[in-house]
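I have placed the structure first, in the form of structure tokens, so that the comments after it can refer back to it.
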Amino acid sequence: MSITILADSACDLSEHYYNEYNIEMIPLTVHLNEKDYRDSIDISPKTIYDAMRKGKTPKTSQASVNQFKEIFTSYAEADKPLLYVAFSSELSGTYQAAKIVEQEIKEDYPKAQLHIIDSKCASLGLGLVVLEAAKMALQNISFDELIEQTDKNAARMEHIFTVDDLEYLYRGGRVSKTAALVGGLLNIKPLLHVADGKLIPLEKIRGTKKVLKRMIEVMDKRGNHLENQIIGISHGDDLPRAQELSKLIQDKFGVKEENIIIEMVGSVIGAHSGPGTLALFFYNK
């Protein structure tokens, strides 16, 4: 029986991937101008970035228990296997909401083939793990094998990213007011990564050009057989810089252009990281 992969909108994949690989999607919520929007359904990332540039501070909230209840129940009733690859539990309460519902479902349907993975990933890092899981699900693979391999993939996913303006991270409570102020004055661009699902600063770099060079250096040090991978780049409404990074990767590592996925950072994550964010995702050693 075919296995379905469930993802949440924080994976930042375009709609055509959901259609092509039969991926179910559950949206997180964005609050803007006193209205609620379903991420990637009712609102586009571009709208969020334009609002932030005008000084607005969008808020976000996790997927609800009721959303999970509806999806999990339908699969349990139909006796169909479902694997949910969740946004990092360190960055959202969505995983916990899903776990609460999973427990309830398994009491009512003890034989339900339902499993939830805390990916500890975000944005297109999560997207690449989801995509690989969906590709495996279309092959003749057991549910247990799929879970095991997806767990391994999530653990190996690197997230290397920078933000254009520390002010947005300050508004979201990620950095101090002083750090944001000094960063702006000195044109300091922070380089961050994700470790065990949390955002961790790596280093501070002066100037935009140096940041791209440093991202490539970190990729060289941490990456494994990069020429054989699908590489992810996501951006906060700055496609030219994402394309520039893509070209550097192609030239340095011999990665084919068609093996680099470029997406916009979605509304939920973008509401915290802001316009001009640039992120790089690949499997490590």
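The values are calculated or read from the model by the stated rules, or taken from the named source; none is laboratory data. Everything numeric in this text was worked out from a predicted model, so none of it was measured. So basically every Cβ, Gly included, is an ideal-geometry build from the backbone, and we count neighbours across all protein chains shown. We work out accessible area using only protein heavy atoms, side chains counted, and drop any ligands, DNA or RNA first. Shrake-Rupley method; radii C 1.70, N 1.55, O 1.52, S 1.80 Å.
Worth a mention:
- Where a residue in the stretch 36-57 is more than 17 Å from L239 (Cα to Cα) and its partner, wherever it lies, is acidic (D, E) and loosely packed, with under 14 Cβ neighbours inside 10 Å, with Cβ under 8 Å and at least six apart: S40/E15
- Comparison of T57, T73 shows that the only residue that is closer than 22 Å to A137 by Cα, open to solvent by 30 Å² or more (accessible area, probe 1.4 Å) and out of contact with any Gly (no Cβ under 6 Å at 6 or more places or on another chain) is T73.
- Scan of the stretch 244-285 for residues that are polar (S, T, N, Q) and either part of a helix (DSSP H, G or I) or in contact with a His (Cβ under 9 Å, 6 or more places away or on another chain) (or both), ordered by number: S246, Q250, N259, S267, S273, T277
- Leading residue by the ranking (most open to solvent (accessible area, probe 1.4 Å)) among those in the stretch 41-54 that are closer than 23 Å to S88 by Cα and assigned to a helix (DSSP H, G or I): P45
- R38, sole failed condition from (1) in contact with a strand residue (DSSP E or B) (Cβ under 8 Å, 6 or more places away or on another chain); (2) open to solvent by 20 Å² or more (accessible area, probe 1.4 Å); (3) closer than 20 Å to V129 by Cα: (3)
- The stretch 85-123: number of residues that are in contact (Cβ under 8 Å) with a residue 24 or more places away in the chain, in a loop (DSSP other than H, G, I, E, B), open to solvent by 60 Å² or more (accessible area, probe 1.4 Å) and not basic (K, R): 3
- Breaking point among (1) crowded, with 16+ Cβ neighbours inside 10 Å; (2) of a type outside the set (V, I, T); (3) at pLDDT 95 or above, for A179: (3)
- The lone exception for D238 - which of (1) under 22 Å from Y17 (Cβ atoms); (2) open to solvent by less than 30 Å² (accessible area, probe 1.4 Å) it fails: (2)
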